[in-house]
Amino acid sequence: MTTVRSAISWPNDKTYLFHADDTYDRYDSVTGVREDSGLAISLWPGMPRSPDAFVWWGAGKAYAFMGGTYVRYDVPADRVDPEYLPPNDPFTVEFGWTGLPDGSGGGPDWRTGIDAAVNWGNGKLYLFKGDSYVRYDITADRVDPGYPRTIAGSWTGLFTEGVDAAVYPGGRFAYFFRGEEFQRFDVDADKVDSGGPLDASFRFAPAPSGGVTPARLLTAAQANQLMADLVRRGIMTLKSPAFVDGPGGIVSPKPGQRVVVSPPSFGGVRYRNDTGAAATVIDNLDQRMLIVLHRLTRWVNSSAPEVHELLHKGIGHGNGPANDCHNEGRAIDLAVIAGELDGTPFTRSVERDWGALPETPGVTVRIDPARDALGYGLFTTVFRFATFECEANGVGAANKWPMPELGGTGRVIYPDYAPGAPAGSENAQLRHDHRNHFHFQVGVTRSPVP
């Protein structure tokens, strides 16, 4: 096997390793087995050559870096987006990726090229160059403050320089490549746990199906497998039905069966009903929404502050008919985020810190980073997460790029939804009804009645 130049996991449960000779290998992410090798880069329409780094962004898009330029690849169309191709001018890293080091501090100029990139599944990308890395925030679309940092001392056991490629198929393990070697990184333990020569015997550890697929597009079987992975890793616990593994796979719960989570926590982040604080369960929960709840805890806790609780006004229950998304456990009304920042407790209430703010003519989004940087960061992260993982501007595959922006419309609803909507209109009513929470869901608002 030749040296890996870049790598990426795709929402079709495949992982691709690209080589300098403009060929690539395809692996099944679920089994970890190589399916084919020596495939031509021309099978990726519009890709000019094997990329130096290739990273999944989300919402049906990925970015491929070639030196100081990059292209955007569209998954539904299975091609590079036309605006990134000649005769259009190339898109440059310098102007497209905010906050990358320019070399003025004595280090390398990242704008001339990136060695490796990986989506960590928590709203952050990690980009590597030489002996350093940066963390890139998808919501803010910029490098986080405090970067670059050296790999040594930050990534336990990882190659301290010269990472050629990185990939995370979802589940417990990520992979890093350098020269003729690979290392497997245990995401739960936050350290390298194994490695070896990159030869014909290399394979990935099996990952659950749907690891990089948005929750809105998960099948019932994929959600079931992802849920089982969380239980096995100790990230969450099912109360009912009892989780049972069998020789042939998951015995209980069945795909599509609603479940009860107790304690109502994912990886130490607790969901609490703000009208029933003593509740010790999340019940009547669709398994796809369970994956949403877990992934949301990863997004809001991917950097400071430290979030401890997410208060909601309903997940598995609500007003209206039995086939409503709330009553089917496919929606959440998120009201409050609580935790600590530098050891000091905080709460940010959607109502108090957003919906109750005075409305000013010409201002479509009232939360302001200059006034409340913490609240702005938390609320915008929740919004972007919801548009990536839940229904955004359609249902299922009907969701199309670009995802909605704050101050617009769509299926994620919040205090500044549809500003300027005429009084008495449906949008104006939605805005009023959601002045104290975010609403986001998986699937249609009401299931068809048999």
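The values are calculated or read from the model by the stated rules, or taken from the named source; none is laboratory data. Note that this is a predicted model, so its numbers are computed, not measured. Don't worry about glycine lacking a Cβ; one is built from the backbone with ideal geometry, like all the others, and counts go over all protein chains shown.
Quick notes on this structure:
- The number of residues in the range 65-121 that are in a loop (DSSP other than H, G, I, E, B) and acidic (Asp, Glu) comes to 4.
- Of all residues in the range 251-281 being of a type in the set (A, V, I, L, M, F, W, C) and modelled with pLDDT of 95 or more, the one that is farthest from residue 126 (Cα to Cα): 251
- Checked against the criterion of being modelled with pLDDT of 95 or more, within 16 Å of the chain's Cα centre (by Cα) and not acidic (Asp, Glu), the range 425-440 contains one or more residues that satisfy it.
- Taken over the range 170-191, the criterion of being farther than 20 Å from residue 5 by Cα and in contact with a strand residue (DSSP E or B) (Cβ under 8 Å, 6 or more places away or on another chain) is satisfied by 170, 172, 186, 187, 190, 191.
- Selection status of residue 45, modelled with pLDDT of 95 or more, within 21 Å of the chain's Cα centre (by Cα) and not in a strand (DSSP E or B): no
- Any hit, the range 215-232, residues being out of contact with any strand residue (DSSP E or B) (no Cβ under 6 Å at 6 or more places or on another chain) and at positive phi: no
- In the range 170-210, the qualifying residues are those that are in contact with a Pro (Cβ under 7 Å, 6 or more places away or on another chain) and in the same structural domain as residue 11 (by TED's automatic domain parsing), and the one that is surrounded by the most Cβ atoms within 10 Å (Cβ to Cβ) is 171.
- Near pairs, Cβ below 7 angstrom, 6+ apart or cross-chain, from the range 135-157 (aromatic (Phe, Trp, Tyr)) to any residue that is modelled with pLDDT of 95 or more: 136/124; 136/125; 136/127; 136/143; 147/134; 147/135
- One residue stands out among those in the range 30-84 that are in contact with a Gly (Cβ under 6 Å, 6 or more places away or on another chain) and under 29 Å from residue 399 (Cα atoms): the one that is surrounded by the most Cβ atoms within 10 Å (Cβ to Cβ), which is 80.
- Pairs, first outside the structural domain of residue 318 (by TED's automatic domain parsing) and more than 21 Å from residue 232 (Cα to Cα) in the range 264-286, second polar (S, T, N, Q) and buried (at least 18 other Cβ atoms within 10 Å of the Cβ), C-beta under 7 Å, six or more apart: none
- Residues in the range 261-302 that are more than 19 Å from the chain's Cα centre (by Cα), crowded, with 18+ Cβ neighbours inside 10 Å and aliphatic (A, V, I, L, M): 261, 282, 285.
- Identity of the residue in the range 133-151, of a type in the set (Ser, Thr, Tyr) and buried (at least 21 other Cβ atoms within 10 Å of the Cβ), that ends up farthest from residue 380 (Cα to Cα): 133
- Search result, residues across the range 122-162 that are more than 30 Å from residue 215 (Cβ to Cβ), assigned to a loop (DSSP other than H, G, I, E, B) and touching a helix residue (DSSP H, G or I) at 6+ places or on another chain (Cβ under 8 Å): 148
- Residues within the range 236-278 that are β-branched (Val, Ile, Thr), part of a strand (DSSP E or B) and within 16 Å of residue 226 (Cα to Cα), tallied: 6
- So residue 446, is it of a type in the set (D, E, K, R) and under 23 Å from residue 217 (Cα atoms): yes
- Hey, residue 378 on the phi < 0 side of the Ramachandran plot and either in a loop (DSSP other than H, G, I, E, B) or touching a Leu at 6+ places or on another chain (Cβ under 9 Å) (or both) or not: no
- Within the range 214-233, residues that are closer than 20 Å to residue 61 by Cα and among the aliphatic types (A, V, I, L, M) reach partners that are in a helix (DSSP H, G or I) and modelled with pLDDT of 95 or more with beta carbons closer than 6 Å, at six or more positions or on different chains, in the pairs 215/288; 215/291; 215/292; 215/389; 218/288.
- The residues on offer are 127, 100, and the sole one that is within 22 Å of residue 380 (Cα to Cα) and either surrounded by fewer than 18 Cβ atoms within 10 Å (Cβ to Cβ) or not basic (Lys, Arg) (or both) is 100.
- With respect to (1) touching an Asp or Glu at 6+ places or on another chain (Cβ under 6 Å); (2) in a loop (DSSP other than H, G, I, E, B); (3) within 30 Å of residue 449 (Cα to Cα), the lone exception for residue 320 is condition (1).
- Close Cβ contacts (under 9 Å, 6 or more residues apart or on different chains) running from residues in the range 355-372 that are farther than 16 Å from residue 383 by Cβ and without any contact (Cβ under 8 Å) to a residue 24 or more places away in the chain to residues that are of a type outside the set (Gly, Ala, Ser) and not in a loop (DSSP other than H, G, I, E, B) comprise 370/376.
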